[in-house]
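Input: a single structure, listed below in structure tokens.
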Amino acid sequence: MNMFPMVTGFMSYGQQTIRATRYIGQSFITTLSHTNRLPITIHYPYEKSITPERFRGRIHFEFDKCIACEVCVRVCPIDLPVVDWKLETDIRKKRLLNYSIDFGICIFCGNCIEYCPTNCLSMTEEYELSTYDRHELNYNQIALSRLPISIMGDYTIQTIRNSSETVAQLLIYVGAINVLIIFAVMFVNGSEWSKDKNYWTIGDGFTSLVCITFVFSLMTTIPDTSWYGILWTTRSNQIVEQGLINNVQQIGIHLATDFYLPFELISIILLVSLIGAITMARQ
């Protein structure tokens, strides 16, 4: 009789040991299966990770389908959705006034979507919800009704993946500029210009001095400026986060805010180089 508890305890200990060994072996197999995989680097926000099919992203709301039953509020573990409605006495039905969800508090459990009787709520693949102010995470019915652009159909990702198309666009643009320069050089009469040319004047010297001073002032201003402290930069980042999916719009925002002075400096240098090249070709 005294041996029975000992045997039972030994068998229980053996089962726990076997179970722990199995778990450790599974973890080692999982680790070894990832050793031969190449690292994956995503250049966010210029590239976006493709979410799985059942990814729980931002909730999409269809105002016309909602009957203000407040089932989503009752099944929510934290009573998150805010539903404002008004009872229409003539037809004895609720009329929805406002609907909002605070994604700063939402745990994305999906209960509201699963139990909605009219299917007015659905999960999307949008995961970009970061904002400068946490109060902006409180989405009303207008923000919730906005359909996100599919990641697979995003122009930014298509451009990055189709590298050959990007190179072709770049070559077409550069080729057009080169053809324009060649036509400008061909239509210039160099012999007549060389007869009446003046090598140097006081105005040329003054203009050169002003241009050199302006260029050096820009070069000294660029490293001394705190670009992240500019208010325009913060606003532009908010705009980009809210809805600028097109990379052309992103480039325009950054060129007009973050890289304004470097862009102007590079444009001046390229303009001077172009004028110098045309002048040398005329001679």
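Brief remarks follow.
- Residue match in the range 40-47 (condition: among the hydroxyl-bearing types (Ser, Thr, Tyr), within 30 Å of residue 142 (Cα to Cα) and in contact (Cβ under 8 Å) with a residue 12 or more places away in the chain): yes
- Contacts under 8 angstrom Cβ, first residue in the range 168-184 being assigned by TED's automatic domain parsing to the domain that holds residue 271, partner assigned to a helix (DSSP H, G or I) and modelled with pLDDT of 70 or more, 6 or more apart: 181/274; 181/277; 181/278; 184/278
- Pairs, first not assigned by TED's automatic domain parsing to the domain that holds residue 93 in the range 67-81, second small (Gly, Ala, Ser) and assigned to a loop (DSSP other than H, G, I, E, B), C-beta under 8 Å, six or more apart: none
- Residue 114 vs. criteria loosely packed, with under 14 Cβ neighbours inside 10 Å and modelled with pLDDT of 85 or more: yes
- Members of the range 48-80 found to be part of a loop (DSSP other than H, G, I, E, B) and within 15 Å of residue 142 (Cβ to Cβ), listed by number: 58, 62, 63, 64, 66
- Residues within the range 26-71 that are over 30 Å from residue 117 (Cβ atoms) and either of a type in the set (S, T, N, Q) or in contact with a Leu (Cβ under 8 Å, 6 or more places away or on another chain) (or both), tallied: 9
- Of all residues in the range 117-135, those satisfying the criterion of being assigned to a loop (DSSP other than H, G, I, E, B) and either more than 22 Å from the chain's Cα centre (by Cα) or surrounded by 14 or more Cβ atoms within 10 Å (Cβ to Cβ) (or both) are 117, 118, 119, 120, 124, 125, 126, 127, 128, 129, 131.
The values are calculated or read from the model by the stated rules, or taken from the named source; none is laboratory data. Treat the numbers as computed from the prediction; the structure is a model and nothing was measured. When we count neighbours, we look across all protein chains shown, and the Cβ atoms used for this are built from the backbone with ideal geometry, even at glycine.
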